[in-house]
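**Q** Before I ask anything, let me first share the structure, which is written out below as structure tokens.
The values are calculated or read from the model by the stated rules, or taken from the named source; none is laboratory data. In this text the structure is predicted, and so the values were computed from the model without any measurement. Counting neighbours? That spans all protein chains shown, and the Cβs are built from the backbone with ideal geometry, glycine included. For accessibility, only protein heavy atoms count, side chains too; no ligands or nucleic acids. Shrake-Rupley method; radii C 1.70, N 1.55, O 1.52, S 1.80 Å.
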Amino acid sequence: MEVYLDNASTTNVSKEVFEEMLPYFRENFGNPSSLHGLGIKNRKIVNKSRIKIAELLNCKKTEIHFTSCGTESINWALKGLAFKNKTKYEIITTNIEHHATSETCNFLETLGFTVNYLRVNKEGYINLDELRDMINNNTLVVSIIMANNEIGTIQNIKEISKICDEARTYLHVDAVQAICHTEINLETLNVDLLSLSGHKFHGPKGIGLLYIKEGTHIGNLIHGGQQELKRRAGTENVPYIVGLTKALEIGISNLDIYTNRLNEYSKLFLDRLDKEEIKYILNGPVVGEDRLPGNLNLSFKNIDGLTLTYLLDKRGIFVSTGSACDSESIEPSHVIQAIEVPIDFINATVRFSIGNETTLEELDYALDNLVDILKNEM
Ligand SMILES: Cc1ncc(COP(=O)(O)O)c(C=O)c1O
């Protein structure tokens, strides 16, 4: 049996999404910029997708921009603001961001920007008072990861947004993990920029989007043709736009069903470990509405996480050590270091991320094997 418990790294394209995309590879392959029938048909499809997404996220269709991935969206948000606004030179972010944000910030530092990092507590939350103290007239943008990809912490974006509003500072939110796992209503969330990526919610890889609130003073990142409301050049990836839209529609309309089930499965997972008297720490908040559903980042006592991952892999169970991007590294990830996991647990951190398609049978198989490995092979 193979059990995929690495859904925070990526998800498969759901059957419904795949079927919706298929006609756009061969029959409806026109370039949306072409003036003939095949092109116009696809221009209408791209427009329809934008309208549907705006409806799902509660924003204007002109605020939705398709990109190639979450990383591009984040790069565009931060560099686009930095290149356009010449009077403010400070960026505030957290020390638990995805590399898409932290490396973009590192790059902007080489251009003369100052980046200030908010620390997080043991559960991964920023301190709102620290943000209030840090923010000032020179702060161009605050960039916050809404749901952390490693430890699942969901930040209080509404409160963060109030602070940014009062300080007249832009707020960019990396919602790549949060979308379809927690409600995102752009009207009430009140952010200026928000990044998403299709492959985290059963859409295809290689498609993302950037929400840009009307009135945001932002430059372009990719120059060329007139696509995406003249803001992001490059021929539109119609099949992937269709796929992302369908995946978002399914994910958002079934949000409660999926999140309840994922939380139930997470509790079941932890109950079994407790019953077996396995010593572990759950990194991040308790399972519930403040934690990414299905995310279980666990540190086990005095064992090696890479070996555990390898032994699970040999039995067909696919998990991740820390974050997927760090899986080559033997250092505890920056997130695990930031939340100060105790020293005798820090080297054995494994992320199990249960997905919408995970079955109870698969979960049982994974748990039986995990318990067996921990008791008999480590
Ligand atoms: C929180 C977060 N932000 C950004 C990204 C980057 O998204 P993409 O893989 O689409 O570039 C990821 C992907 O792992 C992520 O988890």
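**Q** Running a GNM on the chain with Cα contacts under 10 Å, which residue among Asp344, Asp364, Asp133 ends up with the highest mean-square fluctuation?
**A** Evaluated over the chain, the most mobile residue of the options is Asp133.
**Q** Taking amide hydrogens as modeled 1.01 Å from N in the peptide plane, which residues meet the under 5 Å criterion relative to Leu118, leaving out close sequence neighbours?
**A** Residues meeting the criterion, in which the H sits 1.01 Å from N, are Thr93, Thr94, Asn95.
**Q** So if I take the centroid of the Cα atoms in the stretch 326-378 and the same for the stretch 206-243, what is the distance between those two points in Å?
**A** A separation of 37 Å, based on Cα centres.
**Q** Over the alpha carbons of the stretch 102-166, what is the largest minus smallest coordinate on each principal axis, giving the biggest first in Å?
**A** Rounded to whole Å, the extents work out to 32, 28, 16 Å.
**Q** Would you mind computing Rg(Cα) / (2.2 N^0.38 Å) for the stretch 219-378, counting N as its residues? Walk me through the numbers on the way to the answer.
**A** On the way: Rg = 19.5 Å, N = 160, 2.2 N^0.38 = 15.1 Å.
In units of the globular-protein estimate, the stretch 219-378 measures up at 1.29.
**Q** Something else: Are any of the pairs Lys86/Lys230; Lys48/Lys162; Lys122/Lys279; Lys84/Lys205 more than 24 Å apart by Cα-Cα distance, and if so, which?
**A** Numbers: Lys86/Lys230 22 Å; Lys48/Lys162 32 Å; Lys122/Lys279 18 Å; Lys84/Lys205 29 Å.
Over 24 Å Cα-Cα: Lys48/Lys162; Lys84/Lys205.
**Q** Report the relative contact order of the stretch 1-87, percent, no decimals, based on alpha-carbon pairs under 8 angstrom and at least 6 residues apart.
**A** On the way: 38 pairs, mean separation 9.7, N = 87.
In percent, rounded to a whole number, it is 11.
**Q** Skip the ligands, DNA and RNA, and give the accessible area per residue of the stretch 15-253 with a 1.4 Å probe, whole Å².
**A** Values: 10150 Å² over 239 residues.
With the other protein chains kept in place, the stretch 15-253 gives 42 Å² per residue.
**Q** For the chain, set up a Gaussian network in which alpha carbons nearer than 10 Å are linked by springs, and say which option among Phe18, Phe352, Phe107 fluctuates the most.
**A** Phe107
**Q** Further question on the same structure: Near the amide H of Val142, under 5 Å away, which other amide H atoms are found, from residues 5 or more places off or on another chain, if H is placed in the peptide plane?
**A** For Val142, whose amide H was placed from the backbone, the distant partners under 5 Å are Ile92, Tyr170, Leu171, His172.
**Q** Using a 1.4 angstrom probe on heavy atoms only, work out the carbon and sulfur share of the accessible area of the chain in %.
**A** Working: 8210 of 16640 Å².
The computed percentage sits at 49.
**Q** I'd like the Karplus ³J(HN,Hα) series for the stretch 338-350: coefficients 6.51, -1.76, 1.60, θ = phi - 60°, whole numbers in Hz, and an x wherever there's a Gly or Pro.
**A** Going residue by residue, I get 5, 8, 6, 5, x, 4, 7, 10, 5, 7, 10, 9, 10 Hz, with x marking Gly and Pro.
**Q** Springs between alpha-carbon atoms under 10 Å, Gaussian network over the chain: tell me which of Leu312, Leu360, Leu81 tops the mean-square fluctuations.
**A** Leu360
**Q** While we're looking at this one, here's another question. Step through the residues of the stretch 178-192 one at a time and calculate ³J(HN,Hα) from phi using the Karplus curve (6.51 cos²θ - 1.76 cosθ + 1.60, θ = phi - 60°), rounding each to whole Hz and writing x for Gly and Pro.
**A** Residue by residue, the stretch 178-192 yields 6, 4, 6, 10, 8, 5, 10, 10, 5, 6, 7, 6, 6, 10, 8 Hz.
**Q** Another question, if that's okay. Given H placed on each backbone N at 1.01 Å, which residues far from Cys69 in sequence or on other chains put an amide H within less than 5 Å of it?
**A** Gly208
**Q** Please state the charge dipole magnitude for the stretch 15-253, taken about the Cα centre, from unit charges on C-beta atoms (+1 on K and R, -1 on D and E), reported in debye and rounded to the nearest 20.
**A** Working: 27 positive and 27 negative charges, 191 e Å.
For this selection, approximately 920 debye.
**Q** What relative contact order, as a whole-number percentage, does the stretch 192-333 give when Cα pairs under 8 Å and 6 or more residues apart are counted? Working shown, then result.
**A** Values: 127 pairs, mean separation 19.2, N = 142.
Once divided by the residue count of the stretch 192-333, the mean separation gives 14 percent.
**Q** With charges only on Cβ, +1 for K and R and -1 for D and E, what is the dipole size of the stretch 260-361 about its Cα centre, in debye, rounded to 20?
**A** Charge dipole, the stretch 260-361, about its Cα centre: 200 debye, nearest 20.
**Q** Okay, moving on. Could you give me the ³J(HN,Hα) list for the stretch 234-251, computed from phi with Karplus coefficients 6.51, -1.76, 1.60 and θ = phi - 60°, whole Hz, x at Gly and Pro?
**A** So the Karplus estimates, Gly and Pro as x, are x, 4, 5, 8, 4, x, 6, 5, 4, x, 4, 5, 5, 4, 5, 4, 5, x Hz.
**Q** Right, something else. Which one, Gly70, Gly152, Gly224, projects farthest toward the positive side of the charge dipole computed for the chain from Cβ point charges (K/R +1, D/E -1)?
**A** Result: Gly224.
**Q** Taking the Kirkwood radius as the inverse of the mean 1/r across Cα pairs, report the Rg/Rh of the stretch 15-253. Please report the intermediate quantities before stating the final value.
**A** On the way: Rg = 17.9 Å, Rh = 18.2 Å.
Computed over Cα atoms, the ratio is 0.98.
**Q** I'd like to check one number: the per residue accessible area of the stretch 330-378, probe 1.4 Å, reported in Å² as a whole number. Walk me through the numbers on the way to the answer.
**A** Details: 2250 Å² over 49 residues.
Value for the stretch 330-378: 46 Å² per residue.
**Q** Here is a follow-up. So what is the relative contact order for the stretch 15-253, in percent, with contacts set as C-alpha pairs under 8 Å and at least six apart? Intermediate results must be reported in sequence, preceding the final value.
**A** Values: 454 pairs, mean separation 65.0, N = 239.
Relative contact order for the stretch 15-253 comes out at 27 percent.
**Q** Let me check the size of the stretch 1-118 from its C-alpha atoms; what are the radius of gyration and Dmax in Å?
**A** Cα-based Rg and Dmax for the stretch 1-118 come out at 19.4, 58 Å.
**Q** The stretch 158-282: D in µm²/s via Stokes-Einstein (Kirkwood Rh, Cα pairs, 4 °C, 1.567 mPa s)? All intermediate terms of the calculation are to be shown ahead of the outcome.
**A** Values: Rh = 17.3 Å.
Calculated translational D: 75 µm²/s.
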